[in-house]
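Take a look at the structure set out below.
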2 protein chains.
Amino acid sequence: MKLFSEDIVERAAAACNVGDISHATIGEMVLVSQWLQKETGIPFVRMDQGSPSLPQNRYGIEAEKAALDRGEGAAYPAADGIPEVKQAASKFMKAFMDIDISPRACIPTVGSVMGSFSAFIACTQRTPGKDKVLFIDPGFPIMKSQLRVLGIEWKEFDIFPFRGESLRDELERQLSSGDVAVITYSSPNNPAWICLEESELEIIGSLATKYDAIVLEDQAYFCMDSRRDLSHPYKAPFAPTVARYTDNYIITTSSSKIFSYAGQRIALTCISDDLFDRRYPALDQRYHNTGVFGPTLVAAIMYMITSGCTASAQFGYARMMELACEGKINFVEDTKAYAERAEKMKRIFCNNGFNIVYDRDVTQEIGDGFFFTLGYGGLTGEQLLKELVYYGISSISLGTTGSRQKGVRACTSRITDDVFPLLEERVKAFNEDHKQKRD
Amino acid sequence: MKLFSEDIVERAAAACNVGDISHATIGEMVLVSQWLQKETGIPFVRMDQGSPSLPQNRYGIEAEKAALDRGEGAAYPAADGIPEVKQAASKFMKAFMDIDISPRACIPTVGSVMGSFSAFIACTQRTPGKDKVLFIDPGFPIMKSQLRVLGIEWKEFDIFPFRGESLRDELERQLSSGDVAVITYSSPNNPAWICLEESELEIIGSLATKYDAIVLEDQAYFCMDSRRDLSHPYKAPFAPTVARYTDNYIITTSSSKIFSYAGQRIALTCISDDLFDRRYPALDQRYHNTGVFGPTLVAAIMYMITSGCTASAQFGYARMMELACEGKINFVEDTKAYAERAEKMKRIFCNNGFNIVYDRDVTQEIGDGFFFTLGYGGLTGEQLLKELVYYGISSISLGTTGSRQKGVRACTSRITDDVFPLLEERVKAFNEDHKQKRD
């Protein structure tokens, strides 16, 4: 039986200025579920927003407090970051990805969202006529919203039918027009938790070089693929990255998920040294500087947006990365709770008629982690999202992520132990009411 | 006698990738003076960059540390700011400016630079054809650099010959084309420390309403006009603001200068409630939301740039504003050192042949504060900047600030007591060497 009537869900949408909840963004879904919870007193099972629910890393906190006590917050931090965070970042990329990026090319940003926002600007302005972004979807809807702010055009395709070698033809088709400035994806993927395999990264890297596109690789869920133990610094296996296959790359990563540090808004943009030093006359013309990519991105673009990042947060982030490189923090272990939740949640859903939509990488099943995708019979993502709301479960439709598949994204971050009985009960009720239609 | 030869100054410029030091930006001037200092061991008198040199406000630090201990840094802060900072901001605007802005319309940003960056986007996108920015110069060069990033056009005029009633005609001339989306200025002014008087703010406000332009008022130096005691909350005199004369306004202010908090990157964008609620079809069309100005600026623009501001810094800022409203922090008194330095510096310069370029507001002489402007005989700003470098004094040319006057900007922030003997000696030497040419 439904927990919330169609009528009250419609009232919730109206009260939150949401036109059609089937197409709700994450932010809108948050508002609607909060409204329903407040209005009825019935708690919601919140699978919508990915907000860390683990305790903030205490080494970061201690380093921040020490920096504040030293008065580091008085003067502007260097535009390209304090030396401590730059050096730690360079080591961190070496320790866990086995790639070489010099400290000067590792730039702290206010969330990785600021890294992609700035990179989109620099990359699409560097060569006249090469000004579009290509999304290997599904992806984080915010990146398209960034392009809407900036008035940058994009193309997109759902990778679902193009895993492995077939990715090459589709990418060639998309890139051959020559107008693609940036190729972007996240891996581990938000929303689908798929991970690109080495063979796919090789295809992306070699075509990025061939067509002079820059790969913007979103590593917000750095080393969180639970299928392999990526937790040992300077020891294989290392996290897969396109950086092994092209010099045309920018990697963004963040403290938000791996150190449970989302509130402090501190992340990294790491630029290939080769790209960092490249000169682009179009950048010179626009910014009246020497047109060198890295310094332009930092001094002519990022500096104009926030003039640096919070000093104490930089010291905290530096310390956490240093300790991780020394093997004194195991951030992979620290965030394993998400994978454990995913495993339990998937079992509940799959035992009750649901299926995992993006269920495989090229050579193996996907792992457990921060997100997974759910389908139910012939329901579209929009229908499934809405039907789940009636049973007190919030999610987001895969349609909002550029996916062409039928389903929703489920996030494990808020599903703490106490929520499981509620979840199981509701999922069972949902299946009871829908199974005839499903079959 | 010159401290640095033309030859070494040229080498410094080349080493720092600075084409022509006469036109150096602040960042370039910082690099050149640091290079010269390092190379020769001769200390520079640094009047270039405005970086707070007073100790960071300790109440802010304590509130940040407490927030970190509570784990506030783990989860994403609300996109429009934590309730504490919003409520404190609303009170702060009432206490020191005597204006009413509701908490929902007070948005924390990563530096006021992020406030203006985001506001430029929203304001120029709200009405088709109304897409230019008008600068009442001189001004902060970074704001024009922001427009260069975004590809937004601007117009500008130097207010020097248009003080008082004559401002009306010039503004009418600039606005009558109907394409101005934003009118912007800083007051107290960076670089000239002039302050717009009530009569001028009335002109700006009424014409902004008439031509539907939004005034972006930069109050980074909030209440730092030392001529009147603006330090008493809820008591006249209040800081002058255009908010008294139009509903078309956005005020940015910051913790950087008044609380010596630049490193923590926390500031405010306060939007007129009337503007906050206005609907713009063009915003709706672009962002597929309801097109309401305030929510669009926050959720569709700012959120896409940084997804909120550092949580601990918000708690710190909230606490400092609360204490200021309760009269327990006197931030005006706390920053008086800058005015005292300005007074001494101006005396040294004026005793040695220099003059204050922007020396008056409509009804009175300008006060002492963070910046002042210097001229010397017939030297252009570019010539004066370069000549001063030979004597170990760095500044920025007024030409880079949109001023049409001959001179440089001097910043008091780094001129601590120990620097004065050096400054006096060098200014004397400069005057000795130049006075024949001056007369």
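The values are calculated or read from the model by the stated rules, or taken from the named source; none is laboratory data. Nothing here was measured: the structure is a model prediction, and the numbers come from that model. Cβ atoms come from the backbone with ideal geometry, glycine included; neighbour counts cover every protein chain shown.
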Inset, instruction - Test B:ILE121 against the criterion of being more than 13 Å from every other protein chain (Cβ to nearest Cβ) and either buried (at least 20 other Cβ atoms within 10 Å of the Cβ) or farther than 24 Å from B:GLN405 by Cα (or both), and give yes or no. - result: no
Legend entry - Failed item, numbered, when B:SER307 is tested on (1) surrounded by fewer than 24 Cβ atoms within 10 Å (Cβ to Cβ); (2) at negative phi: (2)
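Yes/no matrix, rows are residues, columns are (1) closer than 30 Å to A:SER397 by Cβ; (2) within 25 Å of the chain's Cα centre (by Cα):
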residue	(1), (2)
A:LEU275	no, yes
A:GLN285	no, no
A:HIS288	no, no
A:PRO295	no, no
A:ILE305	no, yes
A:ALA318	no, yes
A:MET321	no, yes
A:GLU333	no, yes
A:MET345	yes, yes
Legend entry - Residue check, B:ASP158 out of contact with any Pro (no Cβ under 7 Å at 6 or more places or on another chain) and either at pLDDT below 95 or among the charged types (D, E, K, R) (or both): no
Inset, instruction - Filter the range A:9-26 down to residues that are out of contact with any strand residue (DSSP E or B) (no Cβ under 9 Å at 6 or more places or on another chain) and crowded, with 17+ Cβ neighbours inside 10 Å, then give me how many there are. - result: 6
Inset, instruction - Only residues that are basic (Lys, Arg) and surrounded by fewer than 20 Cβ atoms within 10 Å (Cβ to Cβ): list them for the range B:256-290, please. - result: B:ARG278, B:ARG279, B:ARG286
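Residue-by-condition table, conditions (1) charged (D, E, K, R); (2) within 14 Å of another protein chain (Cβ to nearest Cβ); (3) out of contact with any Leu (no Cβ under 9 Å at 6 or more places or on another chain); (4) part of a helix (DSSP H, G or I):
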{"site": "B:ILE301", "(1), (2), (3), (4)": "no, yes, yes, yes"}
{"site": "B:GLY308", "(1), (2), (3), (4)": "no, yes, yes, no"}
{"site": "B:SER312", "(1), (2), (3), (4)": "no, yes, no, yes"}
{"site": "B:GLY316", "(1), (2), (3), (4)": "no, yes, no, yes"}
{"site": "B:ARG319", "(1), (2), (3), (4)": "yes, yes, yes, yes"}
{"site": "B:ALA324", "(1), (2), (3), (4)": "no, no, yes, yes"}
{"site": "B:LYS328", "(1), (2), (3), (4)": "yes, no, yes, no"}
{"site": "B:VAL332", "(1), (2), (3), (4)": "no, no, no, yes"}
{"site": "B:LYS346", "(1), (2), (3), (4)": "yes, no, no, yes"}
Legend entry - Enumeration of residues in the range A:282-299 that are more than 7 Å from chain B (Cβ to nearest Cβ) and free of Cβ contacts under 8 Å to residues at least 24 places away in the same chain: A:ASP284, A:GLN285, A:HIS288, A:ASN289, A:GLY291, A:VAL292, A:PRO295
Inset, instruction - Any chance you could count how many residues in the range B:11-42 are closer than 29 Å to B:ASN189 by Cβ and part of a loop (DSSP other than H, G, I, E, B)? - result: 6
Inset, instruction - Output the number of the condition that A:GLY378 fails; it satisfies all remaining conditions of (1) closer than 24 Å to A:SER254 by Cβ; (2) more than 23 Å from the chain's Cα centre (by Cα). - result: (1)
Inset, instruction - With the condition kept exactly as written, say whether any residue in the range A:179-190 is at pLDDT 95 or above, part of a helix (DSSP H, G or I), more than 21 Å from A:ILE152 (Cβ to Cβ) and not assigned by TED's automatic domain parsing to the domain that holds A:ASP368. - result: no
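Matching residues to (1) crowded, with 24+ Cβ neighbours inside 10 Å; (2) over 26 Å from B:GLY263 (Cβ atoms); (3) away from every other protein chain (no Cβ under 14 Å); (4) aromatic (Phe, Trp, Tyr):
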| residue | (1), (2), (3), (4) |
| --- | --- |
| B:ASP100 | no, yes, yes, no |
| B:MET114 | yes, no, no, no |
| B:THR127 | no, yes, yes, no |
| B:LYS130 | no, yes, yes, no |
| B:PRO141 | no, no, no, no |
| B:ILE152 | no, yes, no, no |
| B:PHE162 | no, yes, yes, yes |
| B:GLN174 | no, yes, yes, no |
| B:ILE183 | yes, yes, yes, no |
Inset, instruction - Please work out if A:VAL30 is of a type in the set (Val, Ile, Thr) and surrounded by 24 or more Cβ atoms within 10 Å (Cβ to Cβ). - result: no
Legend entry - Count of residues meeting criterion [over 18 Å from B:LEU3 (Cβ atoms) and surrounded by fewer than 19 Cβ atoms within 10 Å (Cβ to Cβ)] in the range B:356-390: 9
Inset, instruction - Output the number of the condition that A:SER226 fails; it satisfies all remaining conditions of (1) farther than 22 Å from A:SER260 by Cα; (2) polar (S, T, N, Q); (3) touching a helix residue (DSSP H, G or I) at 6+ places or on another chain (Cβ under 6 Å). - result: (1)
Inset, instruction - Of the numbered conditions (1) touching a residue at least 60 places away in the same chain (Cβ under 8 Å); (2) within 12 Å of the chain's Cα centre (by Cα), A:GLU217 fails exactly one; give the number of that condition. - result: (1)
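Residue under question is B:PHE135, and the condition is that it be modelled with pLDDT under 95 and within 18 Å of the chain's Cα centre (by Cα); does it hold? Please lay out each step first, then the result.
Details: modelled with pLDDT under 95: no; within 18 Å of the chain's Cα centre (by Cα): yes.
Here the answer is no, as B:PHE135 does not meet what is asked.
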Inset, instruction - Determine whether the range B:39-61 contains at least one residue that is surrounded by fewer than 22 Cβ atoms within 10 Å (Cβ to Cβ), within 11 Å of chain A (Cβ to nearest Cβ) and basic (Lys, Arg). - result: yes
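Which one is nearest to B:GLN264 (Cα to Cα) among residues in the range B:102-112 that are more than 10 Å from chain A (Cβ to nearest Cβ) and of a type outside the set (Lys, Arg)? Reasoning before the result, please.
Taking the range B:102-112 and keeping what is more than 10 Å from chain A (Cβ to nearest Cβ), we get B:102-108.
Still in the list and also of a type outside the set (Lys, Arg): B:102-103, B:105-108.
Values: B:SER102: 25, B:PRO103: 22, B:ALA105: 22, B:CYS106: 18, B:ILE107: 16, B:PRO108: 12 Å.
Step by step, filter the range B:102-112, then rank; the result is B:PRO108.
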Inset, instruction - State whether one or more residues within the range B:318-337 are within 30 Å of B:HIS434 (Cα to Cα), assigned by TED's automatic domain parsing to the domain that holds B:GLY402 and not basic (Lys, Arg). - result: no
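If you go through the range A:260-276, how many residues are touching an Asp or Glu at 6+ places or on another chain (Cβ under 8 Å) and either within 13 Å of another protein chain (Cβ to nearest Cβ) or part of a loop (DSSP other than H, G, I, E, B) (or both)? Reasoning before the result, please.
From the range A:260-276, those touching an Asp or Glu at 6+ places or on another chain (Cβ under 8 Å) are A:260, A:263-264, A:272-275; that's our starting set.
Remaining after also requiring either within 13 Å of another protein chain (Cβ to nearest Cβ) or part of a loop (DSSP other than H, G, I, E, B) (or both): A:260, A:263-264, A:272.
So the count comes out to 4.
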Legend entry - Those helices (runs of 4 or more DSSP H) lying entirely in the range A:61-178 with at least 1 residues in contact (Cβ under 8 Å) with a residue 60 or more places away in the chain and over 30 Å from A:GLN364 (Cβ atoms): A:83-97, A:111-125
Legend entry - Matching residues, the range A:67-89, being surrounded by fewer than 22 Cβ atoms within 10 Å (Cβ to Cβ), over 16 Å from A:ILE266 (Cβ atoms) and of a type in the set (Gly, Ala, Ser): A:GLY71, A:ALA75
Legend entry - Test: A:THR253 is buried (at least 20 other Cβ atoms within 10 Å of the Cβ), away from every other protein chain (no Cβ under 14 Å) and not hydrophobic (A, V, I, L, M, F, W, C): yes
